[in-house]
Amino acid sequence: MNSKNKKSALKEKAGISRPEMISEKAVDKIHDSRKKQPSSIELIEGILSGNITALSRAITLVESTNISHLERANEVVNACLPQANKSIRIGITGVPGVGKSTFIEAFGKYLTGLGKKVAVLAVDPSSTISHGSILGDKTRMEELLNDQNAYIRPSASGETLGGVARKTRETITLCEACGFDTIIIETVGVGQSETAVHSMVDFFLLLKIAGAGDELQGIKRGIMEMADAIVINKADGDNVRKSKLAKVEFGRALHLFPAKKSGWTPCTSTCSSITREGIPEVWDTINKYVTQTESNNYFFNKRKDQNQYWMLETINEQLKTNFFNHPEIGKLLEENKKAVQNDEISPFAAAQKLLEKYFK
């Protein structure tokens, strides 16, 4: 393709149908910026010096599904590892409408006010039909977005289990190496994603609201058991009394669960993301948890177990990717799909047949 055709292609990609809408100089600039991708060394040096642009580019590289980017991404993450593990990782979950984004903004602003550097990794749900994602957390956290000590990174969950972004674990490492001492991970909602998030954070916070008619109803036992604290959000105006009652109800429910291996006793509290009442108490609770679990070594042992868990998860994911991308398997898969639909072979026998072919 000659230079003229390349420029025309760039204009088409940019959604520009008429040549007069963009100057040749601007096209050259776009073309040059695409050619001059930063090297792994440049990304590493940028991250370690606290450069947000380098951090964002590295996260994009890590999230890429392009096989050619994998080696560079691993190189950057491994170089950042010695400077990681110096933060508190907090997972925040709750049903849609509970006010997660508003709470995180109020909580994040409180922390930056204390001199903390806060990174918010917000996983947005991807449509199972169009595979598109809204990625609207930045618009919902405008105040925190403009805070120089905060960084918000919305990521599409894609098709990974429970809606957790495939590379969130590596992104945590990069943010820590960039100097962020508090990492907040917002989950999509109450569901399977909580299990994955719980396996990458130190403290797991469940947000609830009072007066919704489902204080204890509709909450999976597993979510309650994972929670290190339950906070009743929106405890303001007419909701103050209801929130206090909900706090007592949840407190009673938590006592029904077995004692945690950490030795920590989960607690309940109320807060208002609007008035900011109760926000400092949430941070106090997290600090008490960290102090207690560091003293009995649970904090550090849990992180070691989490590293092992994610190694095994990565192996499972890579095997799955290699299996479905194998050219011979691709052909056989379509044949067996039809055979299974027509009851010519059982789903289990078809799966075994494909696996045997792949491993041979």
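Of note:
- The residues in segment 78-101 that are open to solvent by less than 10 Å² (accessible area, probe 1.4 Å) and within 15 Å of residue 231 (Cα to Cα) can be counted, and the count is 6.
- One residue stands out among those in segment 34-55 that are of a type in the set (Gly, Ala, Ser) and surrounded by fewer than 16 Cβ atoms within 10 Å (Cβ to Cβ): the one that is nearest to the chain's Cα centre (by Cα), which is 50.
- Candidates are the residues of segment 188-197 that are part of a helix (DSSP H, G or I) and open to solvent by less than 50 Å² (accessible area, probe 1.4 Å); the one that is modelled with the highest pLDDT is 197.
Per-residue answers, yes or no, for (1) open to solvent by less than 10 Å² (accessible area, probe 1.4 Å); (2) touching a strand residue (DSSP E or B) at 6+ places or on another chain (Cβ under 8 Å); (3) at pLDDT 90 or above:
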{"residue": "103", "(1), (2), (3)": "yes, yes, yes"}
{"residue": "106", "(1), (2), (3)": "yes, no, yes"}
{"residue": "111", "(1), (2), (3)": "yes, yes, yes"}
{"residue": "125", "(1), (2), (3)": "no, yes, no"}
{"residue": "130", "(1), (2), (3)": "no, no, no"}
{"residue": "134", "(1), (2), (3)": "no, yes, no"}
{"residue": "137", "(1), (2), (3)": "yes, yes, no"}
{"residue": "140", "(1), (2), (3)": "no, no, no"}
{"residue": "143", "(1), (2), (3)": "no, no, no"}
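- Residues satisfying the stated conditions in segment 220-258, i.e. open to solvent by 60 Å² or more (accessible area, probe 1.4 Å) and assigned to a helix (DSSP H, G or I): 221, 225, 241, 242, 244, 245, 247, 248, 249, 252
- Pair list, Cβ < 6 Å and 6+ apart or interchain, from segment 292-310 residues that are more than 11 Å from residue 261 (Cα to Cα) to residues that are at pLDDT below 95 and assigned to a helix (DSSP H, G or I): 310/169
- Residue in segment 272-288 that is assigned to a helix (DSSP H, G or I), among the aromatic types (Phe, Trp, Tyr) and at pLDDT 90 or above present: yes
- Residue 309 being hydroxyl-bearing (Ser, Thr, Tyr) and either at pLDDT 95 or above or more than 30 Å from residue 203 (Cβ to Cβ) (or both): no
- Filtered residue count, segment 73-105, keeping only those that are within 25 Å of residue 294 (Cβ to Cβ) and over 18 Å from the mean Cα position of the chain (by Cα): 5
- When segment 312-360 is filtered for residues that are modelled with pLDDT under 90 and either within 30 Å of residue 260 (Cβ to Cβ) or of a type in the set (Gly, Ala, Ser) (or both), the ones remaining, listed by number, are 312, 313, 314, 315, 316, 317, 330.
- Hits in segment 61-77 (condition: surrounded by 12 or more Cβ atoms within 10 Å (Cβ to Cβ), within 17 Å of residue 315 (Cα to Cα) and free of Cβ contacts under 8 Å to residues at least 40 places away in the same chain): 70, 74
The values are calculated or read from the model by the stated rules, or taken from the named source; none is laboratory data. Worth saying up front: this structure is predicted, and the values here are computed from it rather than measured. When we count neighbours, we look across all protein chains shown, and the Cβ atoms used for this are built from the backbone with ideal geometry, even at glycine. Side chains included, ligands, DNA and RNA excluded: accessible areas come from the protein's heavy atoms. Shrake-Rupley method; radii C 1.70, N 1.55, O 1.52, S 1.80 Å.
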